[in-house]
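Colleague: Sharing a structure with you now.
The values are calculated or read from the model by the stated rules, or taken from the named source; none is laboratory data. Bear in mind the structure is a predicted one, so any value in this text is a computation, not a measurement. Glycine also receives a Cβ, built like all others from the backbone with ideal geometry; neighbour counts cover every protein chain displayed.
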Amino acid sequence: MNLKNRAIQALMRKVMEEHIAFNKLLGLKVESFEPDAPKLRFDMRPELVGNPARQILHGGVISATLDVAGGFAIMLSLAAEMTGIPTSFPKMGTIDLRVDYLRPGRGKHFVATARVVRKGSRIAVTHMELANDAGELIATGSAAYVVG
């Protein structure tokens with residue numbers, strides 16, 4: 001891996017894991033910088049449970065994680081196009097988010113993966129998935145973001 005890629009990954013890890021307070025609250029950690037399918041991981045914790053009787057993830061945790069994963073995929077795609085080592089990224093905001101909850105959020109940890117479906121000059125579209133530690137697909141999502 002070259003110096004630029006190492007620097008970008010270090011910067012993005014710091015932003016995703018330390019600078020975005022909500023990501024810290026969720027416990028999100030960068031698991032992979034794979035350009036076509038970056039991954040974020042978080043462990044199950046009592047604070048993330050939405051149904052105490054069933055001990056499953058809150059639906060908002062699932063949707064928020066998918067949203068962050070989509071944004072992360074776009075950030076990686078943008079970083080790959082930049083010359084030199086970026087010191088900041090363009091502003092980005094979610095303009096549409098759809099989540100399909102496929103099964104209850106049970107597991108010891110969860111991994112969110114995202115891929116960029118289309119990236120135009122101002123709008124980017126992603127597809128995301130959330131799976132548990134057993135590899136079961138918990139939810140899928142798609143989102144559109146305004147970039148710039």
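Colleague: Name the residue, out of 47, 34, that is in a helix (DSSP H, G or I), in contact with a Leu (Cβ under 9 Å, 6 or more places away or on another chain) and more than 23 Å from residue 95 (Cβ to Cβ).
Modeller: 47
Colleague: Mind checking which pairs have a first residue in the range 21-43 that is β-branched (Val, Ile, Thr) and a second that is not in a helix (DSSP H, G or I), Cβ under 7 Å, 6 or more apart or different chains?
Modeller: Listed by first residue and then by second, the contacts come to 30/40.
Colleague: Oh, and also: Suppose we filter 112, 139 for residues that are within 17 Å of residue 35 (Cα to Cα), crowded, with 17+ Cβ neighbours inside 10 Å, touching an Asp or Glu at 6+ places or on another chain (Cβ under 8 Å) and touching a residue at least 12 places away in the same chain (Cβ under 8 Å); which single one remains?
Modeller: Of the residues listed, the single one that is within 17 Å of residue 35 (Cα to Cα), crowded, with 17+ Cβ neighbours inside 10 Å, touching an Asp or Glu at 6+ places or on another chain (Cβ under 8 Å) and touching a residue at least 12 places away in the same chain (Cβ under 8 Å) is 112.
Colleague: Return the residues of the range 15-40 that are out of contact with any Pro (no Cβ under 9 Å at 6 or more places or on another chain), among the charged types (D, E, K, R), farther than 13 Å from residue 68 by Cα and surrounded by 12 or more Cβ atoms within 10 Å (Cβ to Cβ); say none if nothing qualifies.
Modeller: Listed by number, the list holds a single entry, 34.
The rows are residues; the columns are (1) surrounded by fewer than 18 Cβ atoms within 10 Å (Cβ to Cβ); (2) not acidic (Asp, Glu).
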site: 67; (1), (2): no, no
site: 73; (1), (2): no, yes
site: 77; (1), (2): no, yes
site: 80; (1), (2): yes, yes
site: 102; (1), (2): yes, yes
site: 128; (1), (2): no, yes
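Colleague: Quick one: in the range 64-91, of everything that is at pLDDT 95 or above and under 18 Å from residue 21 (Cβ atoms), which residue is nearest to the chain's Cα centre (by Cα)?
Modeller: 69
Colleague: So residue 132 clears everything in (1) within 15 Å of the chain's Cα centre (by Cα); (2) under 13 Å from residue 70 (Cα atoms); (3) buried (at least 19 other Cβ atoms within 10 Å of the Cβ) except one condition, right? Which one?
Modeller: Failing condition for residue 132: (2).
Colleague: Now for a separate question. So is residue 116 within 18 Å of residue 23 (Cα to Cα) and of a type in the set (Val, Ile, Thr) or not?
Modeller: Against the criterion (within 18 Å of residue 23 (Cα to Cα) and of a type in the set (Val, Ile, Thr)), residue 116 does not qualify.
Colleague: Tell me yes or no: at least one residue of the range 55-62 is under 12 Å from the mean Cα position of the chain (by Cα), in contact (Cβ under 8 Å) with a residue 40 or more places away in the chain and over 17 Å from residue 89 (Cβ atoms).
Modeller: Within the range 55-62, one or more residues are under 12 Å from the mean Cα position of the chain (by Cα), in contact (Cβ under 8 Å) with a residue 40 or more places away in the chain and over 17 Å from residue 89 (Cβ atoms).
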